[in-house]
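Novice: Sending over a structure as structure tokens; questions will come in a sec.
A short reminder: the numbers here are calculations on the coordinates, not readings from a lab. These figures come from a predicted structure and were not determined experimentally. Positions of Cβ are generated from backbone atoms using ideal geometry, with glycine treated the same way; all protein chains shown enter the neighbour counts.
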Amino acid sequence: MKNKLIAICGALAMLCSAGSWAAATITIVNGDPAGVGFNDPTPATPVGGNSGTTVGAQRINAFQQAASIWGATLDSSVPIRVLATWEALPCNDTGAVLGSAGALQVFANFPGAPQPDAWYGEAETNKLVGFDADPDLPEIRARFNVNLGQPGCFTGSPFYLGLDNNHGPLTDLVAVLLHEFAHGLGFQTYTDDATGELLAGIPSIWDYFLLDTATNKLWKDMTDAERAASARRAGRLVWNGANVTEAAQLVLRPGTPLLTILSPSRVAGVRRIGVAQFGPPLASPGVTGEVMPVIDTPPDTGLACTPLSAPNVRAVQGKIALIDRGGCTFVEKVRNVQNAGAIGAIIVDNAAGTPPPDLGGDDPTIVIPAVRISLQDGAALKDVLATRSRTKSGLFANLGVNLAVRAGADPSGRVLMYATDPNLPGSSVSHYDISAIPNQLMEPSINDDLSHKVTPPRDLTYPLLRDIGW
Ligand SMILES: [Zn+2]
């Protein structure tokens, strides 16, 4: 997320804790008032290698851990200062802003800039020029959600403060910190991805690498309107940088999960899907069958939240069941059509937008594959299904993978960026796409299977920073 210049550093009682590492030094500047955040005196039991005995001390130790991982990875002779605070960020029991971070200042056309007419974050600017371009201000501003785990904000599920990534069902703070520090180091465009407007008329260094494969234009060469449209073009916004593309061969798994409509010809083709976190992963050759809808809610919706009626069982038995989102969990829906004899499940989203998110949930008894498609794609399939008989539709589909394309890359091997329709402020563009397998640190959401790695063969964060000049 972006941050405007905030000149409050001098007004703070700063408690700076610094450490030196092999390649770069990252210093955390504690911007919290007494008793809050890093200064929270609530006693805490040491956990997962974090020996702090108060909540505040454990938070500082987790920050030091993330700073040391990035410090060991980066190369800069100029110390990087992160002004960090714990604050009330937007939160409820189903979603939370865990944190946000960005460069405090940006610079362009400085002596020795590798790319003229391009904004660089200050931490990278300092690395490139070899001195601190503005010694009065920290380079990175970071905020983290102080309420996580409190009533009404992921109640009972606070950050895991251990350093060993053994977070179980909790959100791993070190992983969140690695993510947010990356934004502050330059993993972001300073261009407004909702309007397409450049910052002060100059592209960001990112905009020299953001390529729209639908128009074959780089963001730096587009009009504002073209950029705003490109930010919403899921599956067509890619990173056109040599380090990321080469590393993707090592990091991303071959095989993009897909729904392929085989017939009738008017809807045939590949559809973008969200994959299920339960049941078998999609494979090759996958599951092929006729698609039949469940209809249990007037006028013609199928929620499949209860065991299927006899006519619905007859319709989906041996077929791929098409059901609608809503009313109960994804796991309950898929279990009900599985019990009715379906060989796969397609869940149609009930909210507009692309790409379709993954299907969350957990149930070891589910053995059929399930996917989510967008509301728009669902409407196209339902149009075909409108002319079905009780047991036949003529709509045939395959739930499988395209082994020629890596999960999270385009057919040319370029890594997909997170383009969404509608635009999601703070998430769109300045992240990798959610289709990457394995999950990447710089996807818009923190997945629970992340490591603390920022480099290949596990992660693509550092290769992108290399592309922009780190
Ligand atoms: Zn982010």
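Novice: Going by amide H atoms built from the backbone, whose H comes under 5 Å of the H on Ala276, apart from near neighbours?
Specialist: Hits under the 5 Å cutoff: Leu359, Ala370.
Novice: Find the percent of Cα-Cα distances in segment 108-247 that exceed 22 Å, and round it to a whole number.
Specialist: 55
Novice: Amide H neighbours of Gly255 under 5 Å, counting only residues 5+ apart in sequence or on other chains, H built in-plane at 1.01 Å?
Specialist: The answer is Val405, Arg406, Ala407.
Novice: Alpha carbon centre of segment 398-470 versus segment 21-81: separation in Å?
Specialist: Using only Cα atoms to place each centre, the spacing works out to 27 Å.
Novice: Give me the Kirkwood hydrodynamic radius of the chain, using the inverse of the mean 1/r over all pairs of distinct Cα atoms, in Å to one decimal.
Specialist: The answer is 23.8 Å.
Novice: Measuring from label point to label point, each 7 Å out along Cα→Cβ, what is the Thr365 to Asp448 span in nm?
Specialist: Reported label-point gap for Thr365 and Asp448 is 2.0 nm.
Novice: So, one more: Using the Cβ atoms and a cut-off under 11 Å, what net charge is assigned to the surroundings of Val36, where Lys and Arg are +1 and Asp and Glu are -1?
Specialist: -2
Novice: Can you give the alpha-carbon Rg of segment 4-186 over 2.2 N^0.38 Å, where N counts its residues?
Specialist: Normalised by 2.2 N^0.38 Å, the Cα Rg of segment 4-186 equals 1.05.
Novice: Could you work out the relative contact order of the chain, using alpha carbon pairs under 8 angstrom and six or more residues apart, expressed as a whole percent?
Specialist: It comes to 15 percent, rounded to a whole number.
Novice: For segment 81-95, list residues with backbone N below 17 Å from a point placed 7 Å from the Cα of Thr155 toward its Cβ?
Specialist: Within reach of a label on Thr155, which here means backbone N under 17 Å from a point 7 Å along Cα→Cβ, segment 81-95 contributes 91-95.
Novice: Any idea how many Lys pairs in the chain come in under 18 angstrom at the alpha carbon, given 8 or more places apart or on separate chains?
Specialist: Lysine pair count for the chain: 4.
Novice: Hey, can you grab everything whose amide H is under 5 Å from the amide H of Tyr160? Only 5+ residues off in sequence or another chain; H modelled, so Pro and N-termini drop out.
Specialist: Correct list: Thr171, Asp172, Leu173.
Novice: With charges set only on the Cβ (+1 for Lys and Arg, -1 for Asp and Glu), what does the dipole of segment 254-405 come to about its Cα centre, in debye to the nearest 20?
Specialist: Here segment 254-405 has a charge dipole of around 400 debye.
Novice: Taking a ≥ b ≥ c as the square roots of the eigenvalues of the Cα gyration tensor of segment 254-405, is the shape rounded (a/c under 1.5), prolate (a/b larger than b/c) or oblate?
Specialist: Values: a/c = 1.36, a/b = 1.13, b/c = 1.20.
Verdict is rounded for segment 254-405.
Novice: Antiparallel as a % of all DSSP beta bridges within the chain, to the nearest 5? The partial results should precede the final answer.
Specialist: Working: 42 of 69 bridges.
About 60 percent, rounded to the nearest 5.
Novice: Using a Förster distance of 51 Å, how high is the FRET efficiency between Arg266 and Asn165, based on the Cβ-Cβ distance and rounded to 0.05? Present the calculation step by step, with values, prior to reporting the outcome.
Specialist: Values: r = 49 Å, r/R0 = 0.95.
In this case the efficiency is close to 0.55.
Novice: In whole Hz and in residue order, list the ³J(HN,Hα) couplings for segment 454-467 that follow from phi through the Karplus curve 6.51 cos²θ - 1.76 cosθ + 1.60, θ = phi - 60°; x for Gly and Pro.
Specialist: 3J(HN,Hα) across segment 454-467, in whole Hz: 10, 10, x, x, 9, 9, 9, 5, 5, x, 5, 4, 4, 4.
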